[in-house]
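These notes are about the structure you will find just below.
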Amino acid sequence: MRSQRDTRKRDVRPLAARPRTGLVLGLSVALIAGSAVAAQQTEPPPAEPLWEWDPDDPRIGLGAGIYDAEEAISNLDHLLRMPKPDAFLTSEAGGRGPTNSDLAFRDDLVFQGSYWGFQIFDASDPSSPEYLVGVVCPGGQGDLSVHGDLLFMSVEQTAGRLDCGTAGVQDTVSAERMRGVRIFDISDIRNPRQVKTVQTCRGSHTHTLVTDPRDDSHVYIYVSGTGRVRSPDELPGCSSAEPEEDDNTSLFRIEIIEVPVDRPEDAEIVNMPRIFADSETGEIAGLWTGGDHGDGTQQTRRTNQCHDITVRSDLGLAAGACSGNGILLDISDPENPVRIDQVIDPNFAYWHSATFNNDGTAIIFTDEWGGGGAPRCRGSDPETWGANAIFRIRDRKMELAGYYKLPVPQTEQENCVAHNGSLIPVPGRDIMVQAWYQGGVSIFDFTDPENPFEIAYFDRGPLDAVEMLSGGYWSTYWHNGAIYGAEMARGVDVFRLTPSEHLSQAEIDAALSVQTGDFNVQNQPEIRWPPSFALARSYLIQMQRDNGIPSELEERLVPLLDRAEVQAPGSERNATFDELDDVAEELEAAGRRAANAAGPGDARRLRLLAGAIRGLTRTLR
């Protein structure tokens with residue numbers, strides 16, 4: 001590893017919140033300084049920068065390398081990098097092997113998807129994971145979901161085989177081809193066994209595991225296929241015709257697979273809903289038809305498929321990132337989703353993925369401009385292209401609130417655009433960790449959707465100093481206290497949060513208290529925090545930052561929490577709890593006054609803090 005720049009004390013506030021002194025318009029200084037040299041070159045000059053950044057950001061100018069690139073890190077600890085196992089280091093991509101794709105989790109187990117199959121690690125100790133097994137089963141894209149003893153894997157490429165073989169399929173039409181969803185029995189974790197394949201007409205680029213809160217005997221798989229439609233001679237019923245030519249076209253739909261949990265071999269497609277249909281005419285191609293939105297706007301793909309669907313089964317809602325639109329679905333009946341809203345954005349080229357906040361009051365949609373294989377985070381790229389768009393949800397309708405994009409430019413040698421991420425369970429705040437391919441890892445706060453800001457990051461230099469090689473983070477997800485980054489070329493990185501001016505130790509401790517079993521990021525669970533002193537202090541600290549708590553209540557509360565935490569169980573501690581309950585009642589009243597604009601304070605957090613104190617005293621008495 002070459003030099004690592006530790007920048008934990010650096011200012012990573014959003015530009016709007018920083019002093020303007022020292023900011024430059026990106027490359028403009030370099031352009032002036034290098035004008036004499038540039039005049040002698042035949043190459044065209046760099047494009048003019050379109051946005052501002054901090055010229056001292058340590059992510060700028062990192063040295064290149066596959067395993068020895070320079071690194072920059074802020075407010076994170078980099079625990080280790082887990083290299084790809086030997087079976088996944090084929091001659092492809094100059095010996096780096098097939099691309100690592102998405103991640104899934106079950107308790108202490110980490111499942112790494114790949115275009116070549118999948119790998120399983122035991123991360124009981126995230127700083128020293130154990131490689132358990134690798135299953136070679138090519139077919140791309142290799143996205144994974146886990147439910148108990150079942151693992152589901154997406155297969156889209158025409159080379160995918162029913163028998164998981166590596167020879168591919170040469171014939172145009174073949175009974176050996178597999179495109180759809182594989183189901184593995186992982187009850188013996190070191191010996192996964194394929195028990196079912198479900199074929200689909202466009203394969204499975206991604207899929208989403210959907211649970212029904214009323215019925216745990218079945219799960220559903222929403223299949224998002226984006227590949228070419230296969231021949232009906234290979235899979236009867238498939239049609240690549242346009243809707244006006246064939247109303248049974250395989251375009252403009254998703255597939256829904258029902259899986260009996262105890263009989264996965266009986267899994268089958270039970271619905272192919274037309275979720276893009278015009279709600280009035282019934283025309284199945286009812287959403288964005290493709291093209292630009294006027295001068296200076298993006299060329300947006302037409303909506304004939306979803307790239308990714310994220311569900312909140314507890315809310316009966318799903319957010320679909322569907323090529324030309326972002327859509328909101330009612331999934332209260334998981335087998336029959338119904339579209340209830342849709343949005344377009346002239347800044348988006350390709351709606352790629354979605355993430356709800358924990359309250360279900362906001363959605364982040366990502367734009368994969370350039371398809372993930374192009375440099376789209378340069379200073380000459382617009383801030384709102386290849387970025388996140390943040391929408392509020394009000395009365396089950398979406399309203400655009402703001403954008404977030406990596407706040408530092410990347411080079412021509414780095415594929416970079418918004419990609420997959422997850423929430424970090426910090427109570428009282430909306431915080432997301434996100435992959436940006438070779439743009440690295442960015443952690444940002446979007447509690448105020450109009451003003452998101454970065455609070456931590458990790459980045460490496462490009463894979464190569466001259467040539468753009470595909471790599472970087474496919475996804476970065478929080479799971480049970482650690483952040484796992486699926487690096488397409490290099491393996492899996494593991495990180496931990498560190499306290500900073502943006503994130504207190506109490507907030508990190510409260511996040512660490514959240515433990516999940518099965519975790520598939522596209523099936524977001526509601527985050528619930530167990531009662532703890534860290535939970536109460538998190539809400540208190542957040543209000544102290546923003547003057548959100550009346551000073552007289554703060555002065556009473558702080559010593560009571562300190563005293564209760566060190567007291568032994570017994571009558572004295574119970575007396576302190578009685579005083580805390582009295583403060584909780586006053587916090588609740590202050591929250592009501594603040595909500596009615598009759599008093600100062602942060603109404604929402606005052607109520608949350610009151611609830612946290614009551615939960616704490618009730619649990620520990």
Can you compute the FRET efficiency between D314 and R618 using 1/(1 + (r/R0)^6), with r the Cβ-Cβ distance and R0 = 35 Å? Round to the nearest 0.05. 0.90
For V173, net neighbour charge (Lys/Arg +1, Asp/Glu -1) across residues whose Cβ lies under 9 Å away: -1
Fully extended, how many nm does the chain gain between D448 and R556 (0.36 nm per residue separation, minus their Cα-Cα distance)? 36.0 nm
Please tell me the relative contact order of the chain in percent, rounded to the nearest whole number, where contacts are Cα pairs under 8 Å and at least six residues apart. 12 percent
Counting sequence-distant residues (5 or more places) and residues on other chains, those with an amide H built under 5 Å from that of W53 are V24, G26
Result for region 179-249: accessible area per residue, probe 1.4 angstrom, in square angstrom, of 43 Å²
Within region 454-491, which residues have the backbone N less than 12 Å from the label spot 7 Å out from Y67 along Cα→beta-carbon, could you tell me? 490-491
What is the calculated FRET efficiency for V566 to E586, with r their C-beta to C-beta distance and R₀ = 25 Å, to the nearest 0.05? 0.60
Rounded, prolate or oblate for region 69-171? Axes are the square roots of the Cα gyration tensor eigenvalues, ordered a ≥ b ≥ c, and the cut-off for rounded is a/c under 1.5. oblate
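So between A175 and R396, what do we pick up on full extension, going 0.36 nm a residue minus the alpha carbon distance?
Using 0.36 nm per residue and subtracting the Cα-Cα distance, I get 75.1 nm.
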If you take every residue apart from Y404 with its C-beta less than 10 Å away from the C-beta of Y404, what net charge results, scoring Lys and Arg +1 and Asp and Glu -1? -2
Between the DSSP loop rule and a limit of at most 16 other Cβ atoms within 10 Å, which GluC sites (Glu not before Pro) in region 116-218 are left? E176
Just how large is the dipole of the chain about the Cα centre, in debye to the nearest 20, putting +1 at every Lys and Arg Cβ and -1 at every Asp and Glu Cβ? 820 debye
From the Cα centre of region 93-116 to that of region 118-187, the distance in Å is 10 Å
Peptides 83-92, 448-457 ordered by average Cβ neighbours within 10 Å, highest first: 448-457, 83-92
Return the aspartates and glutamates within reach of K397: Cα separation strictly under 14 angstrom, same-chain partners fewer than 8 residues apart disregarded; answer none if there are no such residues. D330, D341
Hey, what number do you get for the chain at 222 nm if only DSSP H runs of n ≥ 4 count, each worth -39500 (n - 2.57), divided across all residues, to the nearest 500? -4500 deg cm²/dmol
Could you work out how far the C-alpha centroid of region 528-571 sits from that of region 222-267, in angstrom? 54 Å
Ignoring ligands, DNA and RNA, what accessible area per residue does region 427-525 give at 1.4 Å, in Å²? 23 Å²
Excluding D266 itself, what net charge comes from residues whose Cβ is under 11 Å from its Cβ, given Lys and Arg +1 and Asp and Glu -1? -2
Calculate the length of the line joining the C-alpha centroid of region 322-401 to that of region 417-492, in whole Å. 17 Å
From Cα pairs below 8 angstrom and at least 6 apart in sequence, can you work out the relative contact order of region 414-561, rounded to a whole percent? 19 percent
Compute the Kirkwood hydrodynamic radius of region 269-371, taking the inverse of the mean of 1/r over all pairs of distinct Cα atoms, and give it in Å to one decimal. 14.0 Å
Between A93 and R263, what length in nm is gained on full extension when 0.36 nm per residue of separation is reduced by their alpha carbon distance? 57.3 nm
Heavy-atom accessible area of the chain with neighbours in place, 1.4 angstrom probe: carbon+sulfur share in percent works out to 47 percent
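The values are calculated or read from the model by the stated rules, or taken from the named source; none is laboratory data. Every value quoted in this text rests on a predicted model; they were computed, and no experiment measured them. Quick reminder, even Gly has a Cβ in these numbers, built from the backbone with ideal geometry, and neighbours come from all protein chains shown. For accessibility, only protein heavy atoms count, side chains too; no ligands or nucleic acids. Shrake-Rupley method; radii C 1.70, N 1.55, O 1.52, S 1.80 Å.
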